[in-house]
Amino acid sequence: KAGVTQTPRYLIKTRGQQVTLSCSPISGHRSVSWYQQTPGQGLQFLFEYFSETQRNKGNFPGRFSGRQFSNSRSEMNVSTLELGDSALYLCASRAERQGGYGYTFGSGTRLTVV
Amino acid sequence: SQKIEQNSEALNIQEGKTATLTCNYTNYSPAYLQWYRQDPGRGPVFLLLIRENEKEKRKERLKVTFDTTLKQSLFHITASQPADSATYLCALDPRVGLYNNNDMRFGAGTRLTVKP
């Protein structure tokens, strides 16, 4: 079956702009989580969506937002981009939101803010 | 505060030897502990999951132990090969409801290099 698909794969934006990243989870997976990965901080949790509702949010400013659609596809948006937002943004899906299920990650979107 | 530590940033071993990676955590009571492999520029790939009431889990050349008293997990790769070279991440999968959230927390990872 198809894996988790993230688009675009690479993105270059200017400070102050906004960006929208997309994630299509594995068919049947209802839980979608987003992570930011940087060399210094590792994987940092952004948010989790389940059944179109945000269930959980990490310690990121309000400039980071997201949503989930009825088909479980998810988008995340970053407004007023800062240089420090340059990172690999990873989307992960799993069948259910309770523990005991491994995540399937996408290949990520590499965002560079200049 | 909650902390997850993986023993070292990098580990170099010779082909054929056993690689042992460590994951320690504090102020956390995960219901499950997971291990992932990540190659450069790619997303992590799920390898193994172990439950809090399990001591050991095996999958082919991989073995994971979980000691909730020591708050530690060990990840072993036996008969290591150059193709095993990657970054390995541990992740704590929380007990649903205990913290009013269930985000999976990841360690910073250990970069394993297996030399031929």
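Miscellaneous remarks
- Chain A, dipole about Cα centre (Lys/Arg Cβ +1, Asp/Glu Cβ -1), debye to the nearest 20: 120
- Pairwise label distance in nanometres, B:Arg51 with A:Phe69, each label 7 Å out on the Cα-Cβ vector: 3.7
- Remark: segment B:10-22, residue by residue, has Karplus-estimated 3J(HN,Hα) of 9, 9, 10, 9, 8, 3, x, 7, 9, 8, 10, 10, 10 Hz, where x stands for each Gly or Pro and the curve is 6.51 cos²θ - 1.76 cosθ + 1.60 at θ = phi - 60°.
- For peptide B:41-49, the mean count of partner chain Cβ atoms within 10 Å of a residue's Cβ comes to 6.
- Buried area at the B:A interface is about 1600 square angstrom, summed over both chains, from accessible surfaces computed with a 1.4 angstrom probe.
- Taking a sphere under 12 Å around the Cβ of B:Ile77 and counting the other residues whose Cβ falls inside, with K and R at +1 and D and E at -1, yields a net charge of +3.
- Our coupling estimate for segment B:58-64, obtained by passing each phi through the Karplus curve with A = 6.51, B = -1.76, C = 1.60 and θ = phi - 60°, is 10, 8, 6, 8, 9, 9, 10 Hz, Gly and Pro reported as x.
- Here's the list of lysines a cross-link from B:Lys3 could span, going by alpha-carbon distance under 20 Å and ignoring same-chain residues fewer than 8 apart: A:Lys57, B:Lys71.
- The charge dipole of the protein assembly as shown, taken about its Cα centre with unit charges on the Cβ of Lys, Arg, Asp and Glu (plus for the first two, minus for the last two), comes to roughly 240 debye.
- A straight line joining the Cα centroids of segment A:9-38 and segment B:3-20 runs 30 Å.
- Accessible area of the protein assembly as shown belonging to carbon and sulfur atoms, whole % at 1.4 Å probe: 46
- Chain B: relative contact order in percent, alpha carbon pairs under 8 Å with at least 6 residues between: 35
- Accessible surface calculations at 1.4 Å, restricted to protein heavy atoms, place the protein assembly as shown at 48 Å² per residue.
- Each residue of segment B:67-74 is assigned a 3J(HN,Hα), and the resulting list reads 10, 6, 6, 7, 6, 8, 10, 10 Hz, derived from the Karplus form 6.51 cos²θ - 1.76 cosθ + 1.60 (θ = phi - 60°), x at Gly and Pro.
- Relative contact order (%) - criterion: Cα under 8 Å, at least six apart; region: chain A: 37
The values are calculated or read from the model by the stated rules, or taken from the named source; none is laboratory data. Keep in mind the model is a prediction, meaning the values are calculated, not measured. Reconstructed Cβ throughout: ideal geometry from the backbone, glycine too, with neighbour counts over all protein chains shown. Ligands, DNA and RNA are stripped out before the accessible areas are found, and what is left, the full protein with its side chains, is counted by its heavy atoms. Shrake-Rupley method; radii C 1.70, N 1.55, O 1.52, S 1.80 Å.
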